[in-house]
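J.: What follows is a single structure, and I will ask about it in a moment.
Where a number appears in this text, it was derived from the coordinates with a stated rule and is not lab data. Note that the structure is predicted; figures quoted are calculated from it, not measured. Quick reminder, even Gly has a Cβ in these numbers, built from the backbone with ideal geometry, and neighbours come from all protein chains shown.
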Amino acid sequence: SSTATIAFAGNPNSGKTTLFNTLTGSRQRVGNYPGITVERKEGHFTFENVKVNVIDLPGCYSLSAYSAEELVARKVLVDERPDIVVDIVDATKLERHLYLAVQLFELGVPVMLALNMIDDAKKQGLRIDTGRLSELLGCPVVETVARTGQGKQELTAKALAHAKQRGGTWEPLAVSYGPDIDPALKTMSEKIEAAGFMTNRYPARWVALKYMEADEEIVAAGKEIGGLHDELQTIVAQTREHCRKTLNTVPEAIVADYRYGLINSIMKQDIVTREISQRERV
Ligand code: GDP
Ligand code: MG
């Protein structure tokens, strides 16, 4: 028999813990990450002769270093390299929840989506084209109701199949951030790649992007190695100044805009439609 590790990621209140409990039952361990108060939940279950380990990651909205939860989620992904990350999204808040998904794709870890709370979505008259969403994202998307366990078999089967297909490879998505950011990111990525700075853990473009966002953890690591840090900081300063002077904004805002633009281009393809109820029609 074989083993596989699934990590559950998602915004707070998307149903991660409920799904985790449904799958692992009492086969759980709860502890804390070393030195911080963020809870670590792990469990396991067996599915078709595969021992499946599950990690319930702390809820987070992004993978920046803005909170302890985000830092932990990111650290677990890069340190433990789960075979598959299931991003649990609230189907009634799909557009907003895809923001984290985009960042998981950018990090490159094998990802799939659980469209949870599909019961609530149906009650609200929302119809979600799961097949089309899966095509556009290039990963499996499974509808679930964590509270009842609906969809958990399909989710597990697809997670294991996708993990197997990816075979542990990371395939970072290079989102374009437009003419004001992309050239700087390209130059920075090349320097990072050449120096091998953190590239055993992160894609080079991701490290460059984190420098651009003044990510505390990544920048602190960079300071340790001197020359490259100064070169990267110079490019970041130039880009910041350019964005301020010509657009009156900061790179982080442009990055967020382009991510939302990407999500919008997906949502525009009629991913979510709303049925007009009998009452509304009359
Ligand atoms: P977490 O913050 O992602 O761990 O989310 P929880 O598992 O704590 O769930 C948040 C709330 O949503 C709880 O009240 C759950 O009972 C509820 N919930 C979870 N999954 C579903 C679902 O599929 N449908 C509905 N209607 N409620 C759900
Ligand atoms: Mg939870």
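J.: What fraction of the DSSP beta bridges in the chain is antiparallel, stated in percent and rounded to the nearest 5? Display every interim value, and only then the final one.
T.: Working: 16 of 36 bridges.
So the antiparallel bridges in the chain amount to around 45 percent.
J.: Place a point 7 Å from Cα of Asn264 in the direction of its Cβ. Which residues in region 177-206 have their backbone N less than 20 Å from it?
T.: From region 177-206, the list is 177-182.
J.: Thinking of the chain as a set of Cα atoms, what percent of all their pairs are more than 22 Å apart?
T.: On the way: 23786 of 39621 pairs.
Summing the P(r) of the chain above 22 Å gives 60 percent of all pairs.
J.: Apply the Karplus curve 6.51 cos²θ - 1.76 cosθ + 1.60, θ = phi - 60°, to the phi angles in region 170-187 and return the couplings in whole Hz, x for Gly and Pro.
T.: 9, 10, x, 8, 8, 6, 7, 10, x, x, 8, 10, 3, x, 5, 4, 5, 4
J.: Between the DSSP loop rule and a limit of at most 12 other Cβ atoms within 10 Å, which GluC sites (Glu not before Pro) in region 125-233 are left? Show your work: numbers first, answer last.
T.: On the way: sites: Glu135, Glu143, Glu154, Glu190, Glu193, Glu213, Glu216, Glu217, Glu224, Glu231; in loops: Glu213, Glu224.
Here the GluC sites (Glu not before Pro) that fit, given the DSSP loop and packing criteria, are Glu224.
J.: Restricting the calculation to Cα positions, tell me the Rg (one decimal) and the Dmax (whole number) of region 1-116 in Å.
T.: 13.4, 40
J.: Given R₀ = 25 Å, FRET efficiency for Glu190-Trp170 by Cβ-Cβ distance, to 0.05? Show your work: numbers first, answer last.
T.: Working: r = 19 Å, r/R0 = 0.76.
Efficiency, rounded to the nearest 0.05: 0.85.
J.: For region 1-104, what proportion of DSSP beta bridges, expressed in % and rounded to the nearest 5, is antiparallel? Write down the numbers at each step before the final one.
T.: Values: 12 of 23 bridges.
So the antiparallel bridges amount to about 50 percent of the total.
J.: Relative to the present Cα-Cα distance, how much length would full extension add between Ile276 and Lys245 at 0.36 nm per residue of separation?
T.: Details: separation 31, 0.36 × 31 = 11.16 nm, distance 4.71 nm.
Extending this stretch completely gives an extra 6.4 nm.
J.: Checking the cross-link filter: which aspartates and glutamates have an alpha carbon closer than 13 Å to that of Lys223, excluding same-chain neighbours under 8 positions apart?
T.: Partners within reach: Asp215, Glu231.
J.: Next question. Of all chymotrypsin sites (Phe, Trp or Tyr not before Pro) in region 29-80, which ones are in loop regions per DSSP and have a Cβ with at most 16 other Cβ atoms within 10 Å? Can you show the working numbers first?
T.: Numbers: sites: Phe45, Phe47, Tyr61, Tyr66; in loops: Tyr61, Tyr66.
Taking region 29-80 and a limit of 16 other Cβ atoms within 10 Å, the loop chymotrypsin sites (Phe, Trp or Tyr not before Pro) found are Tyr66.
J.: Something else about it: Taking the radius of gyration and the Kirkwood hydrodynamic radius from Cα positions alone, what is the Rg/Rh ratio for region 127-282, to two decimal places? Working shown, then result.
T.: Values: Rg = 20.8 Å, Rh = 18.9 Å.
Reported Rg/Rh (Cα atoms, Kirkwood Rh): 1.10.
J.: Taking the Cα centre as origin and putting +1 on Lys and Arg beta-carbons and -1 on Asp and Glu beta-carbons, what dipole magnitude results for region 60-103, to the nearest 20 debye?
T.: Working: 5 positive and 8 negative charges, 22 e Å.
Computed charge dipole of region 60-103: roughly 100 debye.
J.: Taking the alpha-carbon centroid of each part, what is the distance from region 220-237 to region 1-78 in angstrom?
T.: If you average the Cα positions of each part, the centres end up 33 Å apart.
J.: Let me ask something else. Out of Asp120, Asp90, Asp56, any idea which swings most in a Gaussian network model of the chain, alpha carbons joined below 10 Å?
T.: Asp120
J.: At a Förster radius of 30 Å, what calculated FRET efficiency corresponds to the Cβ-Cβ distance of Thr148 and Arg96, to the nearest 0.05?
T.: On the way: r = 24 Å, r/R0 = 0.80.
Efficiency for this residue pair is about 0.80.
J.: Compute and list, largest first, the equivalent-ellipsoid semi-axes of region 52-172 from the alpha carbon gyration tensor, each √(5λ) rounded to a whole angstrom.
T.: Numbers: eigenvalues 100, 58, 38 Å².
Gyration-tensor ellipsoid for region 52-172: 22, 17, 14 Å.
J.: By how many nm would the segment from Asn21 to Glu39 lengthen if fully extended, with 0.36 nm per residue of separation less the alpha-carbon distance? Kindly include the intermediate steps, with their values, before the conclusion.
T.: Numbers: separation 18, 0.36 × 18 = 6.48 nm, distance 1.49 nm.
Full extension from Asn21 to Glu39 adds 5.0 nm.
J.: Return the loop-located trypsin sites (Lys or Arg not before Pro) in region 3-69 (DSSP other than H, G, I, E, B) with at most 15 other Cβ atoms within 10 Å of their own Cβ; answer none if there are none.
T.: Details: sites: Lys16, Arg27, Arg29, Arg40, Lys41, Lys51; in loops: Arg27.
Here the sparse-neighbourhood loop sites are Arg27.
J.: Given a cut-off of 24 Å, name the pairs among Lys41/Lys210; Lys41/Lys158; Lys41/Lys75; Lys41/Lys123 whose C-alpha atoms lie farther apart than that in the structure shown. All intermediate terms of the calculation are to be shown ahead of the outcome.
T.: Working: Lys41/Lys210 27 Å; Lys41/Lys158 22 Å; Lys41/Lys75 15 Å; Lys41/Lys123 31 Å.
The answer is Lys41/Lys210; Lys41/Lys123.
J.: Which FRET efficiency value, to the nearest 0.05, do you get for Lys123 and Val50 by plugging their Cβ-Cβ distance into 1/(1 + (r/R0)^6) with R0 = 30 Å?
T.: 0.30
J.: On average over all directions, what projected area in square nanometres does region 61-105 have, based on the convex hull of its Cα atoms? If you can, show how the numbers build up before the last one.
T.: Working: hull surface 13.0 nm².
Value for region 61-105: 3.3 nm².
J.: Can you tell which of Lys75, Lys123, Lys191 shows the greatest fluctuation in a Gaussian network model of the chain with Cα springs below 10 Å?
T.: Greatest mean-square fluctuation among the candidates belongs to Lys123.
J.: Turning to a different aspect of this structure: Assigning unit charges at the beta carbon (Lys, Arg +1; Asp, Glu -1) and nothing else, what dipole magnitude in debye, to the nearest 20, does the chain show about its Cα centre?
T.: Working: 34 positive and 37 negative charges, 154 e Å.
Dipole of the chain, to the nearest 20 debye: 740 debye.
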